[in-house]
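Peer 1: For reference, the structure I am asking about is given below.
The values are calculated or read from the model by the stated rules, or taken from the named source; none is laboratory data. What you are looking at is a predicted structure, and each value in this text was computed from that prediction instead of being measured. Here the Cβ positions follow ideal geometry from the backbone for every residue, glycine too, while neighbour counts run over all protein chains shown.
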Amino acid sequence: MSAIDTEACPYCSTICRADFVDIGVGMQQCGPYHCDNCGASEIGPYDKERPLTERERLAGWYGPGEPVGSTANVIGGRIVSHVQARSTYQREFTGNPLWHDKKYVDDWWAAQRTAKGGDHAE
Ligand SMILES: [Zn+2]
């Protein structure tokens with residue numbers, strides 16, 4: 001069950017993992033590969049477009065320390081799996097009447113995306 005593909009970071013060669021989901025006929029990637037060492041992350045096929053450096057274009061990855069793609073699940077400034085993102089969301093909003101306030105929830109996700117370090121479970 002844990003046989004998931006890894007990729008070497010194009011910037012520092014650290015072995016990186018991505019989030020995969022079992023779709024019944026196999027595992028499908030549902031998040032970008034990302035490097036815990038230098039902070040580089042894979043450019044997603046549906047990410048909002050933004051200016052890239054030559055190196056980023058060639059590598060297909062955002063550079064070290066650059067913001068991650070718009071489609072990645074991000075909690076506390078770090079890329080997490082869709083499972084972690086969902087459970088953090090549920091922890092935050094279970095019993096919290098603001099969960100149906102779309103603007104509040106959008107702001108909360110935006111804050112998770114830009115948080116530096118901060119407290120994150122596990
Ligand atoms: Zn790296």
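Peer 1: Can you list residue pairs whose Cβ atoms sit under 6 Å apart, with the first residue in region 55-70 being touching a residue at least 12 places away in the same chain (Cβ under 8 Å) and the second being surrounded by 12 or more Cβ atoms within 10 Å (Cβ to Cβ) and in a helix (DSSP H, G or I)? Count only pairs 6 or more apart in sequence or on different chains.
Peer 2: These pairs meet every condition: 62/56; 63/56.
Peer 1: What number of residues in region 25-40 are within 11 Å of residue 80 (Cα to Cα) and among the small types (Gly, Ala, Ser)?
Peer 2: 1
Peer 1: Residue by residue through region 11-30, note down the ones that are touching an Asp or Glu at 6+ places or on another chain (Cβ under 9 Å), of a type outside the set (Lys, Arg) and either at pLDDT 95 or above or within 16 Å of the ligand (Cβ to nearest atom) (or both).
Peer 2: Within region 11-30, 14, 15, 16, 18 meet the criteria.
Peer 1: Name the single residue, out of those in region 41-71 being of a type in the set (Ser, Thr, Tyr) and closer than 18 Å to residue 82 by Cα, that is surrounded by the most Cβ atoms within 10 Å (Cβ to Cβ).
Peer 2: 41
Peer 1: Return the pairs, sorted by first residue and then second, in which the second residue is within 11 Å of the ligand (Cβ to nearest atom) and not aromatic (Phe, Trp, Tyr), the first residue lies in region 34-49 and is on the phi > 0 side of the Ramachandran plot and part of a loop (DSSP other than H, G, I, E, B), the beta carbons are less than 8 Å apart, and the residues are 6+ apart or on different chains.
Peer 2: Pairs found: 39/64; 39/65.
Peer 1: For residue 78, are the conditions met, namely being basic (Lys, Arg) and within 15 Å of the chain's Cα centre (by Cα)?
Peer 2: So residue 78 fits the description; yes.
Peer 1: For residue 66, are the conditions met, namely being touching a helix residue (DSSP H, G or I) at 6+ places or on another chain (Cβ under 8 Å) and either in the same structural domain as residue 108 (by TED's automatic domain parsing) or assigned to a strand (DSSP E or B) (or both)?
Peer 2: The answer is no for residue 66.
Peer 1: Can you find, within region 51-72, the residue that is nearest to residue 107 (Cα to Cα) among those that are away from the ligand (no atom under 16 Å from the Cβ) and at pLDDT 95 or above?
Peer 2: Looking at residues that are away from the ligand (no atom under 16 Å from the Cβ) and at pLDDT 95 or above, I get 51.
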